[in-house]
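Contents: one structure, followed by commentary.
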Amino acid sequence: MNGHSTNDLFGTNIVSDLPNGNLIQNGTFENAPTFGLAPGAERHANAANFINNNAAPGPSGVKTQPQASRPDGTLQLDYTTDFPKLPDAPVAAPVVASAWAVRRTVIPASVVTETLSLRPNARASTVGSKGFGNVIEEQNKCNQIASQTGTKIELSESKDKSLTILITGKRTNVEEARTKLMRELQTQSSIEVAIPKEYHGFIIGKEGSNLRKLEQEYACSIVMPKRDDKSDLIKIVGPAEYMNLAAARIKQIGDEMSKQGTEVLAIPRTFYPWIRGPFNEIFDRLSAETGAKINIPPPNAKNENIVINGEKTGVERAAATIRAIYEQKKDFKSVTCKVAKAQHRFILGTRRSGLDEILRETDVVVDVPPEDDDSDVITLRGDPARLGDALALVYARASSVISQEIKYPEWMRKFLIGPKGATLQALVPKQDRLKIDFEDGGLIYLEGPPEAVKSAAAALSGEIGRLTKEMSSESIHVPPALHRHIIGRSGALVNKLKDEHDVQIRIPNEKLASDEIKIEGKKDGVQKTIAAIQEIVKRLENEKVKDIIIDHRFHGQMIGKSGENIQKWKAEFPSVAIAFPDAITKSDVINLRGEKKEVDKLYTVMSKLAKDLHESNYQESVPIFKEYFKHIIGRNGANINKIREETFTRIEFGAPGSSEGRIMVIGKQANVEKAIEKLNKIQNELASIVTVEVPINAKIHPRLLANGRRLIRDIEDEHGGVHILFPKEKSGSDKVVIRGPKNDVAAAEKALKEVAKHCEETTEEASITTKPEYIRFLIGREGANIKKLREKYPNVRIMFPTEHDNDNKIWLLGKTDEVEAVKKIYEKQITDLNETVEIHVNVDPKWHRHFVLRNAEVIREIQDQNGGVIISFPRQNSNDSKVSIKGSKNCVESAKERILEIVDDLESEVTINVEIPEKEHRALVQHAQEVRSKFNVRIRFPQRGGNHDQNEQQQQPENGVHPADLVQISGRDTKCEEAKQALLALIPISKSMTVPAEYHSSLIGRKGESVRELMSTFAVRINIPAPSENSEEITITGTVENVEAAIQNIREKVEELDKQIEDRKLRSHAVKFEVPLKYHQRLIGPGGASIRELSSRHDVQITIPRSDNPSETITVTGYETNANTCKDEIVQLIQDLESMFSQEMHLDPRFHPRLIGQRGRNLRKVQDEYQVEIRLPGRGDPDPSTVIVSGKVEEHVYDCIDKLRAMEEDYITDLIDRGQYLVHRNEAEERSAPKKVEITGAPWQLDNDDQFPAMSNANQGQQSQSSSVWGKRPW
């Protein structure tokens, strides 16, 4: 009970957990708050209510009754009346179980076990081995079959040489394994069965499905004769008993096929409706009676042959019936009539049911023209005596439904329909046979029976007239920039206008950039809304909008913590709205909008703050080798935080995983330089880092730093990641600084000097202006032209403009004579390109299609590579072979050569087939275009899934290769072979490698980052088993090259992890020694600074017992050498401390904070002044005033004590002086005695033990008075 206790759970001596320490003693409440009472007792909380004689209902709804009071003021309450019992909860009705509840779904087992037994004479391995089977050979075959089928196979040989095999796995896999085992392990026999050649296809089945089923069912191998083989013998190989069963089954299939027949009837399609009958009745009855399959061509088929398949007797009966129908109907006549095209669908009915009904009633066929035919002529065929009746039915159906159109203003649509169609339902109640469509453009389309259409048209027209009289729809033009102000925050303003004037306001979407706002509703409400919007627009136009440019890096500081600056400015300039840009856009523009004077004032305030932030946010990056990051940061950030505090700067590291070895320091410039100096000092102490200054002519610095320091970065990466720092721009210095390990710095210095020398020699720069369309031609196909020039003039660097460059200039950098030569070559080429000529080339028309396929892709490629020449091919089917090429002379000739080259490739084109499993095609398609372009070939993949309607013979594998696995490559023979090898190399493979399970989490990385990066880098899929699988096998899937590269990378990571584990073992060496408890705090230092510095310097971990542990043992863990060195230093420190002179003194605890000062500055100042150490008491010390002063010189210790006493005296004097001006608080007035409440008849007040008997058999008289009614507790 929250710290309160009780002596008796149901006795009278109970201590309550009520607030303010209120008690319940002997059933009496003392000063009890209302929330501590039971429901219904809250009416007694107020003393005035206690003495009220009139009954009044309390908050619980129960009327209070006059209560009795004692002379001492104690109010008496009866528990049974003043605390009524709550009503009992209703008894829930029993749930009647459903009759279906007992039904359980039976799920078959996914894994089954099957037994196969072989007698000794039935084992294939016993043949020729004197009756003894070769178990090893059989076991090998079992293992091979188990691997192929994904099953588990166990082999057992009995004493009588019989063999028992257990097969476990999925049902389909077990059946497959059983079939293969019987073929491999059981003695095989063969038999030949003669079946007519024409029935072989039925035995094989579609794609060999029937044949595979027979082989699996009878565990035999069935060999069918080839197509060109005239033999009709089918060979069956397998166990003797199954072989005979398979032969009998095949003979049975042959006998069944011999009873089948086919008949073809040539009957005109006009008689098909009579053959089918109304609603296909004759067709269905004939099929059911004869059992034949009747194939009637569909209406759009070209042939008019009815094919009947099935048993011969059934086929003959069906054919005779169809011929009889044809003979009976062939002399019927036909008539025509005209019916409007729009009414044809009413004659047809749903799924042509109307035509079937006319056919059933009159035996007349009605021929309605198809939808794409504009004819309105309907033809009727049948008995002349019944044609009149049929014609009457046609006209009756055509006129049974009419249509009508009603025009209305588009804005009225929602008023006519109403919410969820309520208004429309009220206007037109009966819509079951009526079709009502509201079409775009203000048109209502009605369709249905004439009476319903007329009634609906009248109702809708009347409603349209009423809406036109009472309602209005107006438009107002408002600039799109002001729309959001009219809408208001979260639509508050526009919703207010809608509610006040009972109108609908439609504001266009921002993306439409429309200025039209539509207002619909009652006429007076629309006018008032327009006036209100115009007033808002007028007010907004008087506002001022001003942008202030502030670096987006400072936006967070401008806003302030929790937006405190924004709130301050809003309070000071309430009419100004401040809009900061989205953090994602990184924009520097802040928008201010509001009253002109306030906008200008706020602009001045924000500009001043931005200037201060800019001065205090100077930033500079310092290069730090990544292996020293952890030492610079220190344990728990001790080192880096210390530098931040001392220099008042912000120090930021690169993103995790970044290869950039730089640290950004931000703050005032002087502080930044100070922090950089400290960082470099730490790095220099950690390793043999040297710094070399190399004089490089300042004039060539821009050349070396051009293109984003690409040249300098290459030198840094080539030489161990050294840091090369150039002086600031316009500093005039020519000193370039190189920092890093000694050997790497020397190599980098040599490389930099060579590059600088080359740049000084290449003093000539030149540029040539050209047209963008000439650039690809000047570069040449795959860079051929530029490669030739670079081979001829190796000392010239040629730089072409990129797509993002605005100037179309070619820059040349190099020796003067070579630059001039290259410049003249390019100027001549550009001059020739500007001269336009037109030539013709003859191309056989059969190749024209290749050039114009896929939106003339080949032509456009030739044009892009040859200065944008114009290539015109003749029209198709013109048989003209002349192709026109127009453009600059060089480009035209180059384009002509390319066209002839392509034609030559087409004429010498070959096509080869590459067998690639269909399942791999999807992975290859995405790389196909790259292979096409590289080898100039065409690649065609087969259609996925194949065509199910093709002839079965076309679906059969040829030479063991299925057509769906063949990929066609067309092109030159040599290129086709190279493309084939390239495709085969792209087929994904899977390889497994063993990686210890404890390394799996390191490979996966945090949230899978490492494994995703590995898969992305090498373009592979990596499958790492789950910990529950207890597997060390990792599977890598991808191309051969990528898989090998990924495996090599993983091996390197495993080696690195092995080294880390070994390193952790070496770092776990522990050294333990004793240090007196009184020196533990001295070792720890203020805030743990001393122990952190000691741990960081020796690269060890120091464990000191907690204050509640009296142990004196200190443990140092790390490399053995480092741990021993650290131990020696601590021991020496303790010896120095023990040799120091110490003196104890007492200082007022109130003076201790003043002595320490801000961040311990005052305390350090005193210690430094007297060369002593001052130890203040801790929180748990018994005497908080005891202070110990220690030092090597006794005189210094006493001088320090005198200084401390003087400082304490000054502090106490100031404290007394300030106390004279404090106002003394008045003593609290004496509180009145608490009211008492006594309750009788409560459950916890028991008269005797019978009401609540004891739970124990112990003698009650011997029970302690303080013990619980539950007996003595064992705990």
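The values are calculated or read from the model by the stated rules, or taken from the named source; none is laboratory data. Predicted model, so just to flag it, every value in this text is computed and none were measured. No Cβ is skipped: glycine too gets one built from the backbone with ideal geometry, and neighbour counts run over all protein chains shown. Accessible surface is based on the protein model in full, side chains and every heavy atom, while ligands, DNA and RNA are left aside. Shrake-Rupley method; radii C 1.70, N 1.55, O 1.52, S 1.80 Å.
A few points about this structure:
- Accessible-area composition of segment 815-921, carbon plus sulfur, in percent [1.4 Å probe]: 42
- Low-density loop cleavage sites - trypsin sites (Lys or Arg not before Pro) in segment 401-459, where at most 14 other Cβ are within 10 Å (DSSP): Lys430, Arg433
- Exposure check, 1.4 Å probe, all protein chains in place: His477 carries approximately 130 Å² of accessible surface.
- Extension reserve of the Ser1107-Val690 stretch, reckoned as 0.36 nm per residue once the Cα distance is removed: 145.6 nm
- From the alpha carbon centroid of segment 496-557 to that of segment 1078-1111 is 67 Å.
- Here the calculated FRET efficiency for Ser908 and Asp1128, from their Cβ-Cβ distance with R0 = 60 Å, stands at 0.10, rounded to the nearest 0.05.
- Of the three principal axes defined by the Cα atoms of segment 1143-1219, the extents in descending order read 40, 27, 23 Å.
- Gain in span if fully extended, Asn305 to Ile136, counting 0.36 nm per residue against the direct Cα distance: 54.4 nm
- Dimensionless Rg ratio for segment 252-304, taking C-alpha atoms and the 2.2 N^0.38 Å reference: 1.38
- Taking all Cα pairs closer than 8 Å and separated by 6 or more residues, the relative contact order of segment 260-355 comes to 31 percent.
- With all protein chains kept in place, the per residue accessible area of segment 439-481 amounts to 49 square angstrom at a probe of 1.4 angstrom.
- Calculated FRET efficiency, Asp372 to Glu289, Cβ-Cβ distance, R0 = 25 Å: about 0.05 to the nearest 0.05.
- Euclidean distance between Cα centres, segment 431-465 to segment 242-266, Å: 65
- Sites Arg1205 and Thr1121, calculated FRET efficiency, Cβ-Cβ separation with R0 45 Å, nearest 0.05: 0.40
- Stokes-Einstein D (µm²/s) once Rh is taken as the Kirkwood radius of segment 185-225 over alpha-carbon pairs, at 4 °C in 1.567 mPa s: 115
- Exceeding the 22 Å Cα-Cα cut-off - candidates Lys1078/Lys1192; Lys792/Lys896; Lys414/Lys469; Lys570/Lys596: Lys792/Lys896
- Applying 0.36 nm per residue to the separation of Arg1012 and Asn495 and subtracting their alpha-carbon distance, the gain on full extension is 181.1 nm.
- Each residue, Gln557 and Leu233, gets one label point 7 Å from its Cα in the Cβ direction; the gap between the two is 10.0 nm.
- Partners of Lys586 within straight-line reach, counting lysines whose Cα lies under 20 Å from its Cα and excluding those fewer than 8 residues away in the same chain: Lys546, Lys561, Lys611.
- Whole-number accessible area per residue in Å² for segment 169-312, which is evaluated in the context of all protein chains at 1.4 Å: 56
- Cα-based Rg / Dmax (Å) for segment 430-559: 22.4, 76
- Paramagnetic reach from Leu1215 (point 7 Å along Cα→Cβ, amide N under 17 Å) across segment 1148-1168: 1148-1157
- Centroid-to-centroid separation of segment 826-903 and segment 1031-1065 [C-alpha atoms, Å]: 53
- Residue-normalised accessible area of segment 485-553, given per residue in Å² at a 1.4 Å probe: 65
- Candidates per trypsin sites (Lys or Arg not before Pro) in segment 177-233, loop by DSSP, up to 12 other Cβ within 10 Å: Lys226, Arg227, Lys230
- Carbon + sulfur, % of accessible area of segment 340-471 - ligands and nucleic acids excluded, 1.4 Å: 52
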